[in-house]
Structure formats: C-alpha cells, structure tokens
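Worksheet for the structure shown next.
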Amino acid sequence: MGKGGEQGGDSGEPAAQIRFYTWEEIQKHNLRTDKWLVIERKVYNVTKWANRHPGGQRVISHCAGEDATDAFQAFHINPTLVQKFLKPLLIGELAPGEPSQDRDKNPQLVEDFRTLRKTAEDMNLFRASPLFFSLYLGHILAMEVLAWLMVSYFGTSWITTLILACILTTSQAQAGWLQHDFGHLSVFKKSSWNHIVHKFVIGHLKGASANWWNHRHFQHHAKPNIFKKDPDVNMLHIFVLGDTQPIEYGKKKLKYLPYNHQHEYFFLIFPPLLIPVYFQIQIISTMIKRRFWADLAWAISYYLRYFITYIPFYGVLGSLCLLTFVRFLESHWFVWVTQMNHIPMEIDSEKHRDWLSSQMAATCNIEQSFFNDWFTGHLNFQIEHHLFPTMPRHNFWKVKPLVKSLCAKYGVQYEEKPLGKAFVDIVGSLKKSGDLWLDAYLHK
C-alpha cells in the first residue's frame, strides 16, 4: 500500500487510463483465488487483501462479483478511514452504459433504501446514548457482585446455589447482548474504542473470543440464511432447514439423523448444548489455531476471576459444575432468542437480491415491550438491526416506521409476531422441513 497507489488517483491522470468493466466481466471474479467487488460503481480487486480484512476474509468473499455498496455502508462506521485501504485496490469503474446494480435488481428500491439510510443519519439515529450503555453495563456488573454477595452471606445451600445460577445466567445472557453492540461498532464513534470494549465484554465478562465472534457473525449479517455463506444455517447434517435443503437431502437419500423427528430432538440437542459444548470447543480451538493471543488472554482473565471468586465456596469441581450449569441455562435463553428471527424465515441458496430484500426475506420482528427489549437485547427489532447493523439498538423503534413504509411501497413483507408465537414457529418450521425431507426420502 505504498505511495504509488495513492498518487495515481490524485495526480490528475488523463481519464483514458481508467479501465471500464461490464457486470458480465465482474461476475466472473467470484472465486477463492480471484475476487472483485463493486462499491459505488468503482471496481476493486480484493483478492490479496481479503486475508487482512479486519472483519474476516469470508465476509468479503461472500460479496465477490457483486455490488457491495450497501453491505460496505452497513458494516463500516468510518468510511473515510476505510477509503484509505480501498484506494490501492481500485482497478477501474463500471462502464458508462452499465446499470449501477447487478442482476436486474430494482434500482428505484435500492435508491430509496439509501435515501432512508441518509434520513436515519440526519435524524442522528446512528448516535449512541452513553447513559443507555453505561446503565446496561452497570446492571450486568451489579448482578455479578450480587451473586458473590449472596453466596458470601447465605452460604452454598441448594436453594442459594440455584438462585445464584439464575443471577449468573442472566448476567451472562445480558453480557452476550452487550458484546453484540460493541462488536457491531454501534456504541463509540471510533472503531478502535468499540473493539477495545468489545474485547473486555466478550473476553473478560464472558470468556469468549471477539475475533471468533466477528468473523462468524459478520458473515451471517452479509448473507443471512444463505447456505454455504451464513455459518448460522450450517447445521452439520444435524438439522435440515427451509424448503429446498430437506428435499435435496431426501432425493439423495441422505439420512444422517431421522429428520422427520428433528422438531423433537431439537429440544435435546440444540438449546442445551450449543453454548456449553459446540461454541465452547469452537471458541477455544479457534483462538489457538488462528493465534488470537489477545483474545485468549482476555478469556483466561475471565476464568481466573470466576474461579478465584467461587473456588473458596464450592471447591474446584463444584465451581466447574456451577459454570457448566450456568452455560447450560444461558444456552437455552440464547438459542430461543437468536433462532426465532431466522429459522422460520426463508433459508435457501444465494439469490443475489438487493440488501433490503435479502435481509427482509431472512428476518422477522417480535412485538415491542419493555420485557421483550430487555430479554432479547433488542433483537426483537431484528429487521432494523439487520438493515442497519451499526445503529445503536435504543434507536431501532425510531427508524421502524420508515422501514415499514418503504417495505409497503415495494410490497416487501415486513413480519412481526408475539414472543410466544415466535418460539412456537421455530418448532413448527423444523417439523415442516422434516416432513418435506421424509416425503422426498420415501417418494422422490
């Protein structure tokens, strides 16, 4: 990224040197070894740079061969800073006759969505309330202290321990929603501050890895519910999801598990085991394999604090059992809340839709209430969160009417339901997919 690359653009070279590309040409460059993407009609070759991308190389690869303007705007809070990295990667522009959108996307819808984003910026909806996030962190730390005080005063009887586990679970779940805010850069104006506090919250308060979370979660946001791109729908053959995957499995006679019973074994496998088993193994192995030493140090600080606090009361084995039980409880909370917005929605292969349409197809909202806001960490506003991932969550309700009217204008479905129905729909959609699989398995 030497000076040469930068001077090229600034030194007023004759326009003849700008290379022009067609969409047909750009779309060929979507391979692992050859990745181009388009941002605001400018064409960038990100092949070599992808591995250095702070958000992970996969998220950038998922947009290869496409217009990534809206994804780029959605994820970055300091476009001028990022522009510095983009400049040396610039290889040309879209040819003058080419539309700004690839693959017959509706240019008017895309334009209107960008206007909506601009309106939200003008309304200061991307500005966080320091008081909101301070109180939020405060109530998490208060629960940690309360748990310790309780066991100090009331000892380690079964009933105290059960209440203690519930307090620690609540604190863990809420720290999970809070790390999500910092991970999405939605609290501080400067990325670096968000990153530092993110490491503290996910590392020291939860014992997990910021980089592991970022690299996984941003892929989900860029391509929600899209097989091979969204890690959250990679079910490792344990479940079949949506309407197309079950039929594919059925036709190929794939039966790793009896999928027609997946809505039943879901209760045994998914909520109890996701955090204490699957995530736990994934986080530790990722930190070591990818050499995320800073994340590992933060995670170790969490375990040290936890064991120093609870070994005097419960001993080593008792403390380990308590921790596992807390993770087991938190896992239920986490799974039901995070799956209710996505599993019942469309889950399919890449459709190359525009940003608004692709996010709306994969996402639904849950009715607003003070309890729902707190219990879900404002993920009851999942639609607004997915359209504007860097928006502080206390502003979702303000942008919601604008999003609803834009959707109404273009006939895009905006789905919202009560919390209880959302939970039931997870099981219902798993049953529906399982039945599709069985039918294809037996008859196709």
Query raised in the report: What residue, among those in region 330-381 that are out of contact with any strand residue (DSSP E or B) (no Cβ under 9 Å at 6 or more places or on another chain) and charged (D, E, K, R), is nearest to Cys63 (Cα to Cα)?
Result: Arg353
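One line per residue, one yes/no per condition, for (1) more than 18 Å from Pro99 (Cα to Cα); (2) in contact with a Pro (Cβ under 7 Å, 6 or more places away or on another chain); (3) among the β-branched types (Val, Ile, Thr); (4) open to solvent by 40 Å² or more (accessible area, probe 1.4 Å):
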site	(1), (2), (3), (4)
Gln17	yes, no, no, yes
Lys28	no, no, no, yes
Tyr44	no, no, no, no
Pro54	yes, no, no, yes
His62	yes, no, no, no
Report task. Considering only residues that are hydrophobic (A, V, I, L, M, F, W, C) and more than 16 Å from the chain's Cα centre (by Cα), look in region 40-62 and name the one that is nearest to Gly183 (Cα to Cα). Result -> Ala50
Query raised in the report: Is it true that some residue in region 71-91 is farther than 19 Å from Met391 by Cα, part of a strand (DSSP E or B) and over 23 Å from the mean Cα position of the chain (by Cα)?
Result: yes
Query - Selection status of Leu254, open to solvent by 60 Å² or more (accessible area, probe 1.4 Å) and aliphatic (A, V, I, L, M) - result: no
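Out of Gln359, Gln382, Gln282, report the one residue that is open to solvent by 20 Å² or more (accessible area, probe 1.4 Å), within 18 Å of His217 (Cα to Cα) and either in a helix (DSSP H, G or I) or of a type in the set (Val, Ile, Thr) (or both).
Gln282
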Report summary line: Requiring at least 3 residues that are under 13 Å from the mean Cα position of the chain (by Cα), the helices (runs of 4 or more DSSP H) wholly within region 170-255 are 210-222
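Residues are listed down the side, and each one gets a yes or a no for (1) under 24 Å from Ser192 (Cα atoms); (2) surrounded by fewer than 18 Cβ atoms within 10 Å (Cβ to Cβ):
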residue	(1), (2)
Asn78	yes, yes
Phe85	yes, yes
Glu93	no, yes
Asn106	no, yes
Pro130	yes, yes
Phe133	yes, no
Report task. Give region 429-444 a look and list any residue that's assigned to a helix (DSSP H, G or I) and open to solvent by 40 Å² or more (accessible area, probe 1.4 Å), or say none. Result -> Lys431, Lys432, Asp435, Leu436, Leu438, Asp439, Tyr441, Leu442, His443
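Results for (1) of a type in the set (S, T, N, Q); (2) over 20 Å from Asp232 (Cα atoms); (3) in contact with a Pro (Cβ under 9 Å, 6 or more places away or on another chain), shown as yes or no for each residue.
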position	(1), (2), (3)
Glu350	no, no, no
Ala362	no, no, yes
Phe371	no, yes, no
His394	no, yes, no
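Just checking, which of Phe154, Phe188 is within 17 Å of Leu137 (Cα to Cα) and open to solvent by 30 Å² or more (accessible area, probe 1.4 Å)?
Going through Phe154, Phe188 in turn, the sole match is Phe188.
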Query raised in the report: Which one of these is part of a helix (DSSP H, G or I), modelled with pLDDT of 95 or more and within 30 Å of Phe423 (Cβ to Cβ): Phe307, Phe266?
Result: Phe266
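The values are calculated or read from the model by the stated rules, or taken from the named source; none is laboratory data. Remember, it's a predicted structure, so these values are computed and weren't measured experimentally. Every residue, glycine as well, gets a Cβ built from its backbone with ideal geometry; the counts of neighbours run over all protein chains shown. What goes into the accessible areas is simple: the full protein's heavy atoms, side chains included, and nothing from ligands, DNA or RNA. Shrake-Rupley method; radii C 1.70, N 1.55, O 1.52, S 1.80 Å.
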